[in-house]
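The values are calculated or read from the model by the stated rules, or taken from the named source; none is laboratory data. These numbers come from a predicted model, not from an experiment. Quick reminder, even Gly has a Cβ in these numbers, built from the backbone with ideal geometry, and neighbours come from all protein chains shown.
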Amino acid sequence: MGIGEAAAPVAILLMEFQTKIIEKKKNPRARVAIVGVVLLVVAMILALIRGYEQPAMWTFGVAMVVLVGGAVYAKGDLTHIRVSPIDLVVNVSEMRIGEAAYPMAQVEELEFSVEGYDGMWIPGTGNSQHSRESAYNGMDNYISFRYAGEKVGCRFYLPDAVHVQLLGGVFKEFYAQRVTFTERDNAGWRTFLFEPVTDGQWEDLMIENGYK
């Protein structure tokens, strides 16, 4: 099932999409690798000082051991990407990210980049919907816009197909209410209700659906 199929029309009482944002945090285990980087810099400095070639070599050796060991200890992940407790709320009147509210009338350059929901099968990887190695994690979805001259944006979580349907409902409301926005996939291609389209196809679909 593709994301477009997941976004088939459903009955939505309130045209509002709500989910959690995604945040990055430093992996505490990565501190060991950072120590290795510092030692590596020290080794390079010592190598430039006459008479410190031997200490430089020893420091370099220790730095590499600490750096590699730190990366292994951190499991190659120097940052944690996780679902935050902070809410993202989107409707035709406003957007809210946590406690910050952005009236839609003052929002410019609104753009959504949608990859897929958590567990959605990745096209081209075979029929492996139950394999985590062949499924999206729902975390690579983005919203960005300009408000009061400032660029605002965040990653957001799509936990399931229902949330895709809700977001699609909001998109339809945007189109119907003439809210200026752009939807894209993560490759940067323009989409119409999550399906890739050319600019010409987008114009035709807007007319066919009565949005123009």
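Taking first residues from region 185-201 that are closer than 17 Å to TYR117 by Cα and partners that are basic (Lys, Arg), the Cβ contacts under 7 Å between residues at least 6 apart in sequence or on separate chains come to THR191/ARG184. Taking every residue in region 104-120 that is in contact (Cβ under 8 Å) with a residue 12 or more places away in the chain and pairing it with any residue that is part of a strand (DSSP E or B) and of a type in the set (Asp, Glu), at least 6 positions away or on another chain, the pairs with Cβ-Cβ distances below 6 Å are MET104/GLU94; PHE112/GLU183.
For TYR136, the requirement of being farther than 18 Å from MET15 by Cβ, surrounded by 14 or more Cβ atoms within 10 Å (Cβ to Cβ) and at pLDDT below 95 is met. Test VAL179 against the criterion of being part of a helix (DSSP H, G or I) and touching a residue at least 60 places away in the same chain (Cβ under 8 Å), and give yes or no. Considered against the rule, which asks whether it is part of a helix (DSSP H, G or I) and touching a residue at least 60 places away in the same chain (Cβ under 8 Å), VAL179 comes out as no. Remark: pairs (first residue in region 81-101, farther than 17 Å from SER144 by Cα; second residue modelled with pLDDT under 95 and surrounded by 15 or more Cβ atoms within 10 Å (Cβ to Cβ); Cβ separation under 7 Å; 6+ apart in sequence or on different chains) = ILE81/ILE22; ILE81/MET139; ARG82/GLU23; VAL83/ILE22; SER84/ILE22; SER84/GLU23. Would you mind stating whether PRO159 is touching a residue at least 24 places away in the same chain (Cβ under 8 Å) and surrounded by fewer than 13 Cβ atoms within 10 Å (Cβ to Cβ)? No; evaluated as a whole, the condition is false for this residue.
With respect to GLU108, is the statement that it is loosely packed, with under 13 Cβ neighbours inside 10 Å, assigned to a strand (DSSP E or B) and on the phi < 0 side of the Ramachandran plot true? So GLU108 passes the test.
Within 19 Å of the chain's Cα centre (by Cα) and closer than 30 Å to ILE207 by Cα - does that describe any residue in region 99-110?
Filtering region 99-110 for residues within 19 Å of the chain's Cα centre (by Cα) gives 109-110.
From the residues that got through so far, the ones that are closer than 30 Å to ILE207 by Cα too are 109-110.
Yes, region 99-110 contains a residue that is within 19 Å of the chain's Cα centre (by Cα) and closer than 30 Å to ILE207 by Cα.
Is it the case, given these coordinates, that PHE17 is aromatic (Phe, Trp, Tyr) and either over 28 Å from ALA161 (Cβ atoms) or at pLDDT below 80 (or both)?
Numbers: aromatic (Phe, Trp, Tyr): yes; either over 28 Å from ALA161 (Cβ atoms) or at pLDDT below 80 (or both): no.
Against the criterion (aromatic (Phe, Trp, Tyr) and either over 28 Å from ALA161 (Cβ atoms) or at pLDDT below 80 (or both)), PHE17 does not qualify.
One line per residue, one yes/no per condition, for (1) at pLDDT below 80; (2) acidic (Asp, Glu):
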position: PRO28; (1), (2): yes, no
position: ILE34; (1), (2): yes, no
position: MET44; (1), (2): no, no
position: ILE81; (1), (2): yes, no
position: GLU99; (1), (2): no, yes
position: GLU115; (1), (2): no, yes
